[in-house]
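Student: Mind having a look at this structure? Questions to follow.
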Amino acid sequence: MTDVNLYDIIRGPLLKFALFVFFAGISYRFFRVLLLGLPEDYAKPKGNPLTKALEKLALKPTQGWRFFMEVFAHRGIQYVGGFLFHIGFLGLTFFVPQHSFLWKEILGFELPYMPQLVADILAYSALLSLIALTVHRVFNPVLKLLTGKDEYFANILIGTIIFTGLLASRWSGGGLYVWALNLHMLSAVILIAYIPFSRLSHFVYYFLSVFFYGWNVGKRGVSF
């Protein structure tokens, strides 16, 4: 099997299978939590739960400044590293020029993409942040207890994706380019299929938990 044949297999049936596993697994976990419902509450609401829940969803990402000065001295690596990693990885996933044609095949339309220089900056920032966060987990006693094989495996996968993406787009040519591209695509396919079974699926519960928190705040008639 040639490298080109392997690329066709990864980008064709393997990618389709990974996307099926991803959407099926995420849908199952989402509706499983949703169908659990809420316990019966006989207390009369003191405010508007729905309004506060929607407000919390809209404002939650902008409220980090409230805690910044209080915890930055103790959790600076997590705040800065986590921000750079998430922004970088999400930006690289959806808005780099090299991925635009792939998203067009999946979605049927082309997403806007950023200049290559911005993509390179995000890639290096995300990779270095991921390394820093992983090392921090290893040496921080509390985080070390909370970290399992799942996190390390996911970090290795994501690091491989970012590194091989840089290798394919910037540092390689000829046969090395095809090898780097195949490894990049294969790592991405494995990650896509792995997400529903890992803690990376936390993004599924993010909006549910924030909505539930806002609902409770609104019901009690307090601010957040």
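Student: Is it the case that some residue within segment 55-64 is of a type in the set (V, I, T) and at pLDDT 75 or above? Explain how you work it out, then say what you get.
Tutor: Pass one, segment 55-64, residues of a type in the set (V, I, T): 62.
Filter again for at pLDDT 75 or above, leaving none.
There is no residue in segment 55-64 that is of a type in the set (V, I, T) and at pLDDT 75 or above.
Student: Something else: Scan Y177, Y213 and give me the residue that is modelled with pLDDT under 85 and within 30 Å of N48 (Cβ to Cβ).
Tutor: None of the others qualify; the one that does is Y213.
Student: Of T93, T134, which residue is surrounded by 16 or more Cβ atoms within 10 Å (Cβ to Cβ), of a type in the set (V, I, T) and part of a helix (DSSP H, G or I)?
Tutor: Result: T134 is the single residue among T93, T134 that is surrounded by 16 or more Cβ atoms within 10 Å (Cβ to Cβ), of a type in the set (V, I, T) and part of a helix (DSSP H, G or I).
Student: Considering segment 176-200 alone, what residues qualify as being among the polar types (S, T, N, Q) and more than 16 Å from F89 (Cα to Cα)?
Tutor: N182, S198
Student: Next up: Return the only residue of A18, A24, A73 being modelled with pLDDT of 80 or more, in a helix (DSSP H, G or I) and loosely packed, with under 15 Cβ neighbours inside 10 Å.
Tutor: A24
Student: Here is a further query. Select, from Y177, Y194, the only residue that is farther than 20 Å from L34 by Cβ and crowded, with 19+ Cβ neighbours inside 10 Å.
Tutor: Y194
The values are calculated or read from the model by the stated rules, or taken from the named source; none is laboratory data. Source: prediction; values computed, not measured. Heads up, the Cβs are rebuilt from the backbone with ideal geometry, glycines too, and the neighbour counts pull from every protein chain shown.
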